[in-house]
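Notes follow once the structure below has been shown.
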Amino acid sequence: MRVLEALKRANASGAPEESVAVRLAVFVAVMSAVFALAAEDIAGTVVTVAAILVIPVGFYISHRYRANDQLALKAGLAVALLVVLVNFLGALGPLAGGDITAVQVPLAEVFLWVQVLHALHVPGRRDLVFGLVASGVTFAVVGVLSLSITMAPLLLLWIVAATTALVLGHRDDVRAVGAIATEKQARLSTDAKAVARIGGVLAVTAAVVFVLLPAASTSRALAFPINLPKIESVASPGGLSNPSLGQGDPQQTSSDSDSTGIESRASFGYFGFAGQLDTSLRGRPDDTLVMRVRAPGPDFWRGQSFDTWDGTRWTLSDDSSRTILGDNPLVIPPTNGDALAVGQDFVATFYLERPGPNVIFSAARPVEVYFPDARLFQLRDGTLRAAVDLGAGAVYTVVSSRQPVTADLLRQADPLVYGVPAPIADVYLQLPDTPQRVFDLAADVTRDAPTTYDKVRALEAWMATNTTYSLDIPTLPAGEDAVDHYLFEAQQGFCEQIGTSLVVMLRSLGVPARLAVGYIPGERNPFTGMYEVRASDAHAWAEVWFPGVGWQSFDPTAKVPLAGESGRLAAAAGLIDWIQERLPSFVDTGMEALIVLGGVAALAGLGVVGVRIIAAHKRKRNRDRYEQHVWRLERLGARCGRSRRSGETLIEYGRRLAESPLRDSDISSFATDLTDWQFSGGDATEERSLDDRIRRIERRHRDLRSTMTALRVTLRG
Amino acid sequence: MPVVWSTRSLQRFPSHSGGAVVKLRPKRAVWLLLALALAMYGASRTTGAGWLVILVAVVVALIAVGVALPVVGVRRASLAVAAPRDATTGRPCTLTIESERGAIVADIPLFDSRTGLVGPVCGTVSGVPPYRGVFERLQVTIVCSAPFGLLEATRDLVVQLANPLSVAPQALVLGHRDGLDDALDQDGNIVRGRADEGTVAALTEYHPGDPLRRVHWAATAKHGDLLVKQLEPPVSQRLVVVAELSGGPYEQDDIAGRALGLVVRGLRAGIAVDLWTRSLQGIDRSTVDSPIHAGRLLAAAVVGRVARPSDVGDMTVVVVEA
């Protein structure tokens, strides 16, 4: 018995929560977490349906029987939670030594079960707060797994509900002690105002904190998510496969043209992810989202590179590859020209949304790859290829070692000073028969640039000034050199022409360079912290070799900072651009978006201030009107020799005036009504009535004075 | 019946005396939320999940607002207090407290218990003063934990009252057992002079129950029937109540209460009553004109010996002591 009593004491829920509003707010918060899990399709169907059905019933029962000591129910729930925990541990068993990220889904299910079971017994405030915290943790689990902004409205709902629950809970506590409004109407009104006011303060504070916080980042402390929904080996191991190119797929044969279902190039297919890059080709990919990248900062997502230029096309001089085998992570050895120094880890996880090439995208230079297949191929230029097709849903993580490169470092590591090793020079200084004016232009533009780095920047600047970026360019005439045509004839082009021209001009100056293809970082989603890469972000750029540093990317059209100069990324990085993208088209720049947002905020602020001014004015008007009436009454009294005495109340004064020669009893009642009106808050109808009454009193007084004057004149006469 | 004031008659006095010191008492929930925020931040730094940063921002904002607003609330709070002139121990007393800013719960030692207000507000606070005394200023501890109850910020404000608030003792019902035999007759009424003294106004026949000492033996012997004297009331009647407080607060209040009870009875009987007490200024010998007057004198009474009247004359002197 003593043990039972002790158990009862330990499990006592405290005072039952009487506030339906608090309970309802917590219920909304819990359900929003459940729906967030369901929307992201994270937990299983059974537990999700159970949650949607059981939690509302549980909250109702908890409220209905909140005063009861339900020890049996508590014991049952404890047993059920134990079963859930055992099941969870059982689910972990097969994952041992495997992908740790696979724990996340069972973990989410555990949280959901906890919500379901806990909802059956939430009689007191403490239980409700636990539910609130548990729903917050559930959102955290969803947040880890969510790749999109689907959960945004539900998170917003949770924040509103949680704030409401906390504010109302506290107000209820205070109400129990003292004297805030307890009448239903007044209570609703003041509570709603308090929630709105605090919600606003909280929103502004959270926004400020969000702006100040550093961006989420990945670390090497944990294993990374990997996934391969469908394992389908490429036809030629080590070879390039790109189903999105349809017939242009390097691995495509007539017999299996239908294997991917894409016969012609997909709208999101990029012709650069092929065995060759023909700069005379036209047609850019559309805005289809091809992948999301979770990375600590922006970088070029490099796919592959080309080293041999023939005047119109880029190819790879050596397509042979070596096999990299092993368990995760697969260790990637350096290749020709790579820096051997250990750089800073840069972890990028790629979530593919569309079928694409079997190249492994990465920031330069990859050193480890977490990949669901145990085999990769590495080409001589460092390009990594999978042995399987990479379709939608494929996930892999690449750890790159980035040199903390700055402009000063690149100026010091000058290949023209330290010389270029033969293996690099042989491949990356090669040029076809190129018109002399291209060489002359390169020499002319870089005449005043002291270092290779400055030469690169000078060439970039020249192209930015003298050529135009355009996706709508004329076809390259047959037999024309693409670079010569771009620089001197068309003087407009897109990344392939621009990148190629930079490489060719640098090679003409003796600087080793090559053309890389891949994607620019894409738009950073400030909420998910992921870079959303669209097909139109497919890009070609120049890579320049620097002794001791390795290959460094340069591009005159994409703003990607040097690794050593990128600085710390803030959590809100990209927020302005993200909003700008979703604002009407008249907003073109981030600054304009900022101005529009500032304008909206200012208007909202002005609205609030305006409402306050109007309210204050109304109060002041009431006070002024009162004083005005008092003054008129005093003037009336003074005219008939009855000035107001010091310390005399208005009612007393009115009474005295009424007994004066004026003999107007309405003055006394007017003074009383005026006092009542002033101290009762000033009703508008009554105000009009008072206006009329003082006017009538004054008119009667005027008439009386006129009569008296006339009488005096008559008497004198 | 609580006293009702017009809010516009409130006089505002600047608060002082340590008003700037704010004491903070964080609740356990703050540490819980902080731990949650740290855990989420750690997770965001290892998983790269941007949503976690948003959750961290929300939780940090929650803590920041929950910790900052109570401090701002109590620091900005200003009070004006309107108090009645008189109150009685053990009976409800209502104060009007006006707070311009800050959600507050007021702790008023006068009431010896916590009472509440949430501002900005002008409202009444009712409480029961447990002890007798004169309050020229009122200490109000304002407590604010709005909006979430994460942290309790307190600040003591001392507000000078326009008029001192006298908390009088409760007038106690008196009896012989209170040691007031000389002052009360058999019915417990104040004795208006000695019953066997004074001028004989008339002689009447004896009725059963008449005191034997009022029998006029000479006239009885002369007339043969038992005749009793009817005395004229004493010409000069005065009750002097000497309240000599001692002991602890309860004992003092008991003595004061008995003295007040006696004074009230005297006044009801139409007798002039003097109340002798010791106040901070010395011995106070006042002729009381109303129970409220007596209550104020006794509210201000302090422990100490009070001299007795030397020339009693036709006065009834009652010393109320422990």
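The numbers here are math on the coordinates, done by the rules we state, and not lab data. This one's a predicted model, so the numbers in the text were calculated from it and none came from an experiment. FYI the Cβ positions are ideal-geometry reconstructions off the backbone, even for glycines, and counts take in every protein chain you see.
Sticking with the crude label model, points 7 Å out along Cα→Cβ, report the distance from A:ASP691 to A:LEU416 in nm, one decimal please.
About 8.6 nm separates the two model spin labels.
Going down the list A:LYS618/B:LYS23; A:LYS618/B:LYS27; A:LYS74/B:LYS23; A:LYS193/A:LYS618, which pairs span over 31 Å between their C-alpha atoms?
A:LYS618/B:LYS23; A:LYS618/B:LYS27; A:LYS74/B:LYS23
Could you size up the charge dipole of chain A around its Cα centre, putting +1 on the beta carbon of Lys and Arg and -1 on that of Asp and Glu, and report it in debye to the nearest 20?
5960
Based on the alpha-carbon gyration tensor of chain A and its eigenvalue square roots a ≥ b ≥ c, which shape applies: rounded if a/c is under 1.5, prolate if not and a/b is larger than b/c, or oblate? Numbers along the way, then the final one.
Numbers: a/c = 3.69, a/b = 1.78, b/c = 2.08.
Taking the square roots of the gyration eigenvalues as a ≥ b ≥ c, chain A is oblate.
How high is the FRET efficiency from A:SER267 to A:VAL46, r the C-beta distance, R0 35 Å, rounded to 0.05? Before the final figure, lay out each step's value.
Numbers: r = 39 Å, r/R0 = 1.11.
In this case the efficiency is close to 0.35.
Can you pull the one-decimal nm distance between simple spin-label points at A:SER233 and B:LEU32, each 7 Å off the Cα toward Cβ?
Inter-label distance under the simple model: 5.7 nm.
Between segment A:224-253 and segment B:284-306, how far is it from one alpha carbon centroid to the other, in angstrom?
104
Which order do peptides B:65-73, B:273-281, A:633-641 fall in by mean Cβ count within 10 Å, highest first?
B:65-73, B:273-281, A:633-641
Let me know the charge dipole size of segment A:597-676 about its Cα centre in debye, to the nearest 20, where only the beta-carbon of Lys, Arg (+1) and Asp, Glu (-1) is charged.
The dipole of segment A:597-676 has a size of about 260 debye.
How do B:MET315, A:MET151, A:MET708 line up, fewest other C-beta atoms within 10 Å first? List each step's numbers first, then the result.
Working: B:MET315 17, A:MET151 25, A:MET708 12.
Fewest to most other Cβ atoms nearby, the residues stand as A:MET708, B:MET315, A:MET151.
Could you list which residues have their amide H under 5 Å from that of B:ALA162, counting only those 5 or more apart in sequence or on another chain, with H placed in the peptide plane?
B:ALA83
Determine, for each peptide in A:456-464, A:107-115, A:25-33, the mean count of other beta carbons within 10 angstrom over its residues, then list the peptides with the highest first. Spell out each step's value before the answer.
Values: A:456-464: 18.9, A:107-115: 22.3, A:25-33: 25.7.
Packing proxy ranking, top to bottom: A:25-33, A:107-115, A:456-464.
Sort segment A:316-431 into rounded, prolate or oblate with this rule: let a ≥ b ≥ c be the square roots of the eigenvalues of the Cα gyration tensor; rounded if a/c is under 1.5, and if a/c is not under 1.5, prolate when a/b is larger than b/c, oblate otherwise.
Since a/c reaches 1.5 and a/b is larger than b/c, the shape of segment A:316-431 is classed as prolate.
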